[in-house]
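Single-structure report; data block below.
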Amino acid sequence: MVQVFIQPSYGTPGARRHWADTLTRAVPFHDLGLSREDLTGLTAAHPSGRTRLWGTTDKHDKRMDTLAPGDVALLTGRKHVLAIGEVGYSFRDPDFARRLWRPEPGKCLWSNVYSFRGYWPVHVPYEEIWALPGFSAGDNFMGLRFLAPEKADVVLAHIAEDRRSAPAAEDEICPAVV
C-alpha cells in the first residue's frame, strides 16, 4: 500500500535555500561521498546519476524507516501543495545530509534523505485539500505527517490527474515558487 505524507518544505529561509539546491533541479549524486550501499540504491532508482532530494530530521527516524519506493510526498509551503513527489530511494546518512545542505552550526540536520523518481511541480491551495473528505478547514499541515490509509486514498485520487502528466525531467529546472 502506498503511503502518502505531507512534508512542510518551504516555510523558512533555510528550507527555501534547500528547495533551490535540491528540488528546483536534479542533483548529480555520484561524487557526494555516499556509502557504497546508498550509491547502489540511488543509482538503481536513478540510472542517470541525478535526482531531486529532500529529507527529515532524526526525530522522524522511526517513521521514515517505513518509507518505500512509490510512496508519495506532498511538499507544502505558503498555504499550498507546491510539488508532488514519488519516492525513489530513502536512506539515513547525516554526513551526506551535511554535505548536501550545509546547515549552519546548531541548525536542524535532515539526516533522513529521500529521492524522487517522479516529481510534479503543482500549485494546489490548502483549501482544495481541506474540501476533501476527512480533512479539516484551517489545518495548516504543520510538521511531517503520514496520512491514515483512508485519507491517503482520497488524496491519491485527487492528485491522480497531476501524476498522469509527465513528471519534471531530471535535468529540468522547475519554475521558482512564488
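The values are calculated or read from the model by the stated rules, or taken from the named source; none is laboratory data. Keep in mind it's a predicted model, so treat the numbers as computed, not measured. With ideal geometry, Cβ positions are generated from the backbone for all residues, glycine too; neighbour counts draw on all protein chains shown. What goes into the accessible areas is simple: the full protein's heavy atoms, side chains included, and nothing from ligands, DNA or RNA. Shrake-Rupley method; radii C 1.70, N 1.55, O 1.52, S 1.80 Å.
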Residue in segment 19-29 that is in contact (Cβ under 8 Å) with a residue 60 or more places away in the chain, part of a helix (DSSP H, G or I), among the acidic types (Asp, Glu) and open to solvent by 50 Å² or more (accessible area, probe 1.4 Å) present: yes
Pairs where the first residue, in segment 116-133, is closer than 30 Å to Pro28 by Cα and open to solvent by less than 50 Å² (accessible area, probe 1.4 Å) and the second is among the acidic types (Asp, Glu) and part of a strand (DSSP E or B), C-beta under 8 Å, 6+ apart: Phe116/Glu86; Gly118/Glu86; Tyr119/Glu86
Near pairs, Cβ below 7 angstrom, 6+ apart or cross-chain, from segment 46-62 (without any contact (Cβ under 8 Å) to a residue 60 or more places away in the chain and closer than 17 Å to Tyr89 by Cβ) to any residue that is open to solvent by less than 10 Å² (accessible area, probe 1.4 Å) and assigned to a strand (DSSP E or B): Gly55/Asn112; Gly55/Val113; Gly55/Tyr114; Asp61/Asn112
Helices (runs of 4 or more DSSP H) contained in segment 32-113 and holding at least 3 residues at pLDDT 95 or above and farther than 20 Å from Gln7 by Cβ: 36-45
Candidates Glu127, Glu104 - the one that is closer than 25 Å to Asp153 by Cα and either of a type in the set (Gly, Ala, Ser) or more than 14 Å from the chain's Cα centre (by Cα) (or both): Glu127
